Amino acid sequence: MQNKMYDAVIIGAGPAGWSAAIYTARASLKTLLIGILANSNAYKAHIIENYFGFKQVTGPLFMEAGKKQALHFGTEFVEREVVDVKQNSDGTFTVTDTQRESFSAKTVIICSGLGFKPSGIKNEQPLIGKGISFCVTCDGFFFKGKHVAVVGNTNYAGDAALQLLTYTPDVTILRHGRDFSFSPKICEGLEKNNVKVLKTPKVSEFIGADKLEKLKFADNSETVFDGVFIALGIASASDFANKLGIQRTGPQNAFIVADPRTGETNVKGVYAAGDCMGGNAQAAKSAGEGCNAAISVIKLLKGVAAYVDYS
């Protein structure tokens, strides 16, 4: 596939990416999607209950279904990460993956999602989805009335704790060994809602086999929690966008600025969709934005003012 010209190269194997690929491939545009399916936050979800048409489905089954649908319509798939995107003098793009293989594209749709900063605490990875989460909007429902902790020390953690109050009044923030730095507004909200803010030592280990049972601290003390939300900040999954001069916004400039109706960025031929644009980190939102960006690409490349895919 090297040096093959694609109408659209889609970066990211989450709901936004696969949704975009379904539309561009159905429109007979030569489509390539590059990304690692298992890296999608939707893939990592233990259970998904709030997506239209799915009463309850696991993250892996949900994402495999989307992948299968896109491949059925002719999407090509390279299961690697993108490390670089360059715009060429003729307005086309060169997309390079982790194997240093390059692909040419008339347009690029960035659906790289938004990674959540891991804590590095022992046993974090095995217990994700089994008591450890990074997204209150996604998983708060599963902790209704439970004893829940938030690990973090900034406004990002404070906001997560306040969101959790929708599901449980029993919320504790653990500073993970660093001093708290909340804004006055966040402090007011925490105090008003009786959120416990503890100056704990650094969390050293999550303990549990099939599910989280307790936390161990650097001083060897232990505390029991039903669930833990890691809120140490946002890590952008699309830093290569800086090289294209795409406008960024939000905490740590983690979000791409794009029109949610069209997916258009400030760079002609580059579109964005999904969590990398910020807003609600939900599969339904991401899929819709993937559709919008794809239709924009279809209209651009086919030279039409309107495009509808009914069938």
* Peptides 113-120, 270-277 ordered by average Cβ neighbours within 10 Å, highest first -> 270-277, 113-120
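Run the accessible area of the chain with a 1.4 Å probe and give the carbon-and-sulfur part as a rounded percent.
Values: 7390 of 14860 Å².
Taking all protein chains in place, the chain shows 50 percent carbon and sulfur surface.
Please find the FRET efficiency linking R100 to K214, where r is the Cβ-Cβ separation and R0 is fixed at 51 Å, and quote it to the nearest 0.05.
That pair, R100 with K214, gives E of 0.70.
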* To do: Mind telling me which of S40, S19, S28 comes out most flexible in a GNM of the chain, alpha-carbon contacts under 10 Å?
  => S28
* Asked: Could you give the semi-axes, largest first, of the ellipsoid that matches the range 1-141, computed as the square roots of 5 times the alpha carbon gyration tensor eigenvalues and rounded to whole Å?
  -> 30, 19, 11
* To do: Just order 155-162, 200-207 by mean Cβ neighbour count inside 10 Å, highest at the front, would you?
  => 155-162, 200-207
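At 1.306 mPa s and 10 °C, plugging the Kirkwood radius over alpha-carbon pairs of the chain into Stokes-Einstein gives what diffusion coefficient in µm²/s? Before the final figure, lay out the partial values.
Numbers: Rh = 20.5 Å.
Calculated translational D: 78 µm²/s.
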* Residue-averaged 222 nm ellipticity for the chain, from DSSP H runs of 4+ at -39500 (n - 2.57), nearest 500 -> -7000 deg cm²/dmol
* Report, by chain and number, residues whose modeled amide H sits under 5 Å from the one on N266, excluding near sequence neighbours (fewer than 5 apart, same chain). => Q247
* Quickly rank 126-134, 54-62, 102-110 as a protection proxy: mean count of other C-beta atoms within 10 Å, highest first. => 102-110, 126-134, 54-62
* Asked: All other residues with a Cβ under 10 Å from the Cβ of N153 taken together, and with Lys, Arg as +1 and Asp, Glu as -1, what is their net charge?
  -> +2
* Given 0.36 nm per residue, what is the gain on full extension from S28 to T262 after removing their alpha carbon distance, in nm? -> 82.3 nm
* Structure fact -> Rounded to whole angstroms and listed largest first, the alpha-carbon spread of the range 172-292 along its three principal axes comes to 55, 38, 28
* For the range 21-103, run through the GluC sites (Glu not before Pro) and keep only the ones in DSSP coil with at most 14 other Cβ atoms within 10 Å of their Cβ. => E49, E79, E101
* Taking a temperature of 10 °C and a viscosity of 1.306 mPa s, what whole-number D in µm²/s does Stokes-Einstein yield for the range 31-112 with Rh from Kirkwood over alpha carbon pairs? -> 111
* Karplus-derived HN-Hα couplings along the range 96-108 (A = 6.51, B = -1.76, C = 1.60, θ = phi - 60°), whole Hz, x at Gly and Pro -> 10, 9, 5, 8, 6, 8, 10, 10, 9, 8, 6, 9, 10
* Asked: Between L198 and V57, what is the spin-label point distance in nm, taking each point 7 Å from the Cα along the Cα→C-beta axis?
  -> 3.9
* Given the pairs K122/K196; K4/K243; K55/K122; K55/K302, which span a C-alpha to C-alpha distance of over 32 angstrom in this model? -> K55/K122; K55/K302
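Rolling a 1.4 angstrom probe over the protein heavy atoms, how many square angstrom per residue are accessible across the chain?
Values: 14860 Å² over 311 residues.
Dividing the accessible area of the chain by its residue count gives 48 Å².
The values are calculated or read from the model by the stated rules, or taken from the named source; none is laboratory data. Note that the structure is predicted; figures quoted are calculated from it, not measured. So basically every Cβ, Gly included, is an ideal-geometry build from the backbone, and we count neighbours across all protein chains shown. Just the protein is used for accessible areas: all its heavy atoms, side chains included, with ligands, DNA and RNA removed. Shrake-Rupley method; radii C 1.70, N 1.55, O 1.52, S 1.80 Å.
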